[in-house]
Structure formats: C-alpha cells, structure tokens
Amino acid sequence: MPVLENIGNLIDCPAEVPSGHLLKVEDAALVWDNSRILWKGPRRDLPARFAQMQRVDAGRKLVIPGLIDCHTHLAFGGWRAKEFEMRALGRSYLEIARSGGGILSTVQATRVATEEELLSKCLGHLRAMVRLGVTTVECKSGYGLDKPTEFKLLRVYRRLKKCQPLKIVPTFLGAHAVPLEYQSDRQGYVQFLVEEMIPAVAAEALAGFCDVFVEESSFTRSEARRILEAGSACGLRPRVHADQLTDGGGAALAAETGASSADHLEFISQEGIRALARKDVVAVALPLASLYLGSKPMPARKLIAAGVKVALATDFNPGSAPSCHLPLAMSLGCTMLGMSPAEVLRAVTLHAAQAIEMQDSIGSLEPGKEADFVLIDAPDFTHWLYRLPPSTVAETYLGGVKVWDSSEGN
Ligand code: NIG
Ligand code: FE
C-alpha cells in the first residue's frame, strides 16, 4: 500500500467542484492499494493507519489525474504527408478526399498492412502517448471498411489491451466512409454494416461503442441513425463524428440516439447545442484537426455557456490530425477554443471519462477510482500548459504502477 508524498500541488476536478474550477491540494499525499485510490489530501492529515506504509517521494512535483484521449483512430496503414503539402498549397480536405486521397487512401494502405505491422506501429504511438501523461486511449476502427480489415484493426486493439499498460477502449467505426467497392451501392454498404458487421463485432465483444461519420462525404443522417440503432440493439453505445465540415445535423442525431458523445462540432448550430445540453451528450473538441485543416474550431464557449460538458482529444489519425500530442491539444484548447486551463483539465479527465462512459472508474483522483496519475515538473497546471516544455511529463502511473519515468528514459 504505497503513499505518494511530498507532492507540490495535487490538482484535480472531481464532479463536486464547479465547472471552471480546480481542486488544489498543496503539500499533498495520495494513497492507493491494488490499483485503486484509498485516500488523498494534505499530507498533514494523512490518517495514522497509513503511517507505516511504503513512501514514494514526488519531489515537490505537480500531480494530476492520468490524461484520457477519448477520440483517436490509432491503427492505420501508411501516412499522408503529401496531403499535408497539398493543403498547404491551397487544396481543401474534401477536394483531396474526392480525388482519391483522404480516408479511402488510408483504407488501401491498411488493407495491405499485416496485423503485426499495425500492432507494432500502435505500440510506438502508445509509447509516445504515455510519455505525454496519457493513461487511457479510445481507439476507433474505420480504415478497413471490409470485414477482414475491420476485424484486423479491432483484434489489434484487443491485443494492445493485454500487451502494454495503457487502458484501451475500442470503438467500431465501420461507418467512416463508403468503401470504393460500394460507391454505386451505398445502401448495400449500410445494410452490410447493420446486418453483418455490427452483430459480428458485438458477438466477439471487439468494441463497446459504434461511431458514424455524419458528413456530405460519408453518411447521411438517416443512414447514420440506422447504423447507430443497429449498434445499440447489439449493446454498442453510440458516438457520432458530427458537424465537422458542414452542419449536417449530427449533433441533434447524437442527442436523439442517446449517444455518449458528439465529436468535432466545428459547424454545430444553436439547435444542435441545445439538443446536446438537453440530453447531457458530451461534446468532444478536437483542436488538432482544426489546426491541421486550417478550419474554424468548435465553438466551445457557446457549448459551455449552454451547459454542455466539453471534453477534448487528439483525433489522432493520418489525415486531419497526425499528432498524438494531447498536451499540445490542451494548450490549443486555451488558445484556439478560449477554454480556461481549469476547463481544459476537466475536458481531458472527467468529461473525457464520461465520453467513454468510464467516469465511475477513471477521470479524477478519488477513493475507489483507478490510481492513474501523472507527475509533472511545473509549478502549477496553468504554467505547464503555457510552457509545454519538450520533456513534459516526469512520471506516469497506471493502476498505481509506474509505467514511465523520464529520469530512467525507459
Ligand atoms: O476525425 N472525420 C473523420 N475522420 C477523421 C479524419 C480521417 C482521415 O482523414 O483519415 C477525423 O478527422
Ligand atoms: Fe475522428
């Protein structure tokens, strides 16, 4: 039963602390046992029953909950640097997608990649993420769009759960785009997803969520509704890529289908904002995608003002967000989205946990929750986001076990 002590500041945002505020404990201690937190508070209040326990020295560092990246497309073949250059030279994301690039070009590269290649590439990304303080990663399929490849991606996620320490939360995104072989039969593809893929994914418990990209270039609202309802019927909880490039009513659909989150929302309408607020759907901001596409960011202030819980994630993927740097996305949350550092921390902890329906076990440092936390060499949380030094995180713990230590360089 270890006691982490000599914590400079312990920063957290549990549910009882009002939005926009942080809970700050100076000179704190944190106690856990068997991966779960037992106690946290000022060191001087440490209960006598913990007095003889093994001590771990935090060296006056800042401690925050483990960061949750609640929206990634972790497994994919190849990269698309050429498109980055094309966009720099003035072509738009949708133009590039229509002319054979975009999601479908990654689908080609993913279909020819072996499971082992994808696994080892994902392991590399996860090693980078744990050094950035990330402890939970939601991972979408969606670059297969046929049964063998979608299953290959979801099997990679299942293997990742067992062979590395980060928590992995898989999502089925067979409705990412209509694959080439179904271009003249989109209804056939929707039917294949609804009748064959979703039941098969659920039967093998390969995913807990079903996501749909609602967009001119991908799926209509009514197609998406059919897919999400089929997912729900099989126990896959809905999530939606909504209103990213145009206002396609994706946010309202997320609310109607009882989705846990609506993600992107750069073009969300007032009506969409009200719908999310009414149904307590988490809005997931993805500022790296706005940064890379040079597009406007999600109107976070309007969402927050309407009472919507805002989470924030990387959207890591080879097209619109080829960076898995969640702390950078957090800084952009302040500079591009106008969120306060306190709102940003909650967005990548408690709200991110709610987006993946894990708020009862992760997302804050409270007794009973997982001992997932991060030690940061900064005087306070705002200072960290403001400076974002290259070696940004000192130590990362998952379930009370240290999985990254910058001083050991492992
Ligand atoms: O979330 N919006 C849809 N999917 C990804 C982009 C995927 C890609 O370009 O490969 C996203 O931004
Ligand atoms: Fe995405």
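For the structure I just gave you, tell me whether Gly363 is part of a loop (DSSP other than H, G, I, E, B), more than 16 Å from ligand 1 (Cβ to nearest atom) and open to solvent by less than 20 Å² (accessible area, probe 1.4 Å).
yes
Please determine, by comparing only the residues of the range 244-275 that are aliphatic (A, V, I, L, M) and touching an Asp or Glu at 6+ places or on another chain (Cβ under 7 Å), which one is farthest from ligand 2 (Cβ to nearest atom).
Among those residues, the one meeting the criterion is Ala252.
Which strands (runs of 3 or more DSSP E) does the range 55-96 wholly contain that include 1 or more residues that are hydrophobic (A, V, I, L, M, F, W, C), open to solvent by 10 Å² or more (accessible area, probe 1.4 Å) and touching a residue at least 12 places away in the same chain (Cβ under 8 Å)?
Passing ranges, in order: 55-57.
Out of curiosity, is Arg239 among the basic types (Lys, Arg), within 14 Å of ligand 1 (Cβ to nearest atom) and at pLDDT 95 or above?
yes
Any idea which residue in the range 205-215 is farthest from Glu357 (Cα to Cα), counting only those that are more than 16 Å from ligand 2 (Cβ to nearest atom) and in contact (Cβ under 8 Å) with a residue 12 or more places away in the chain?
Per the criteria, the residue is Leu206.
Restricting attention to the range 35-54, and to residues there that are open to solvent by 10 Å² or more (accessible area, probe 1.4 Å) and within 29 Å of the chain's Cα centre (by Cα), which single residue is nearest to ligand 1 (Cβ to nearest atom)?
Going through the qualifying residues, I end up with Ser35.
Closer than 19 Å to Thr72 by Cβ, in contact with a helix residue (DSSP H, G or I) (Cβ under 6 Å, 6 or more places away or on another chain) and of a type in the set (Ser, Thr, Tyr): is that true of Ser261 in this structure?
yes
Scan the range 369-402 residue by residue and report those that are farther than 16 Å from Pro327 by Cα and open to solvent by less than 40 Å² (accessible area, probe 1.4 Å).
Correct list: Lys369, Glu370, Ala371, Asp372, Tyr397, Leu398, Gly399, Gly400.
Test Glu408 against the stated conditions and say whether it is out of contact with any Asp or Glu (no Cβ under 8 Å at 6 or more places or on another chain) and within 25 Å of Leu286 (Cβ to Cβ).
For Glu408, the condition - out of contact with any Asp or Glu (no Cβ under 8 Å at 6 or more places or on another chain) and within 25 Å of Leu286 (Cβ to Cβ) - is not met.
Just to be sure I understand, how many residues within the range 240-274 are crowded, with 21+ Cβ neighbours inside 10 Å and of a type in the set (D, E, K, R)?
Final tally of qualifying residues: 3.
Would you mention how many residues in the range 127-142 are touching a helix residue (DSSP H, G or I) at 6+ places or on another chain (Cβ under 6 Å), within 16 Å of ligand 2 (Cβ to nearest atom) and farther than 20 Å from Gln354 by Cβ?
1
Could you tell me whether Leu236 is closer than 19 Å to Pro148 by Cα and open to solvent by less than 20 Å² (accessible area, probe 1.4 Å)?
No.
When you go through (1) within 16 Å of ligand 1 (Cβ to nearest atom); (2) of a type outside the set (Gly, Ala, Ser); (3) more than 24 Å from Tyr143 (Cα to Cα) one by one for Val281, which number turns out not to apply?
So the condition that Val281 fails would be (1).
Can you name every residue in the range 4-34 that is open to solvent by less than 70 Å² (accessible area, probe 1.4 Å) and within 22 Å of the chain's Cα centre (by Cα)?
Ile11, Asp12, Cys13, Pro14, Gly20, Leu22
Could you list, in sequence order, the residues of the range 309-330 that are open to solvent by 20 Å² or more (accessible area, probe 1.4 Å) and either over 15 Å from the mean Cα position of the chain (by Cα) or more than 16 Å from ligand 2 (Cβ to nearest atom) (or both)?
Lys309, Leu328
Evaluate the range 257-268: report whether one residue or more is within 24 Å of Glu138 (Cα to Cα), of a type in the set (S, T, N, Q) and in contact (Cβ under 8 Å) with a residue 40 or more places away in the chain.
Looking through the range 257-268, at least one residue is within 24 Å of Glu138 (Cα to Cα), of a type in the set (S, T, N, Q) and in contact (Cβ under 8 Å) with a residue 40 or more places away in the chain.
Tell me, which residue of the range 276-294 that is open to solvent by 40 Å² or more (accessible area, probe 1.4 Å) and within 16 Å of ligand 2 (Cβ to nearest atom) is nearest to Arg80 (Cα to Cα)?
Tyr292
The values are calculated or read from the model by the stated rules, or taken from the named source; none is laboratory data. For clarity, every value in this text was computed on a predicted model and none was experimentally measured. So basically every Cβ, Gly included, is an ideal-geometry build from the backbone, and we count neighbours across all protein chains shown. To get the accessible areas, we keep the full protein, side chains included, count just its heavy atoms, and leave off ligands, DNA and RNA. Shrake-Rupley method; radii C 1.70, N 1.55, O 1.52, S 1.80 Å.
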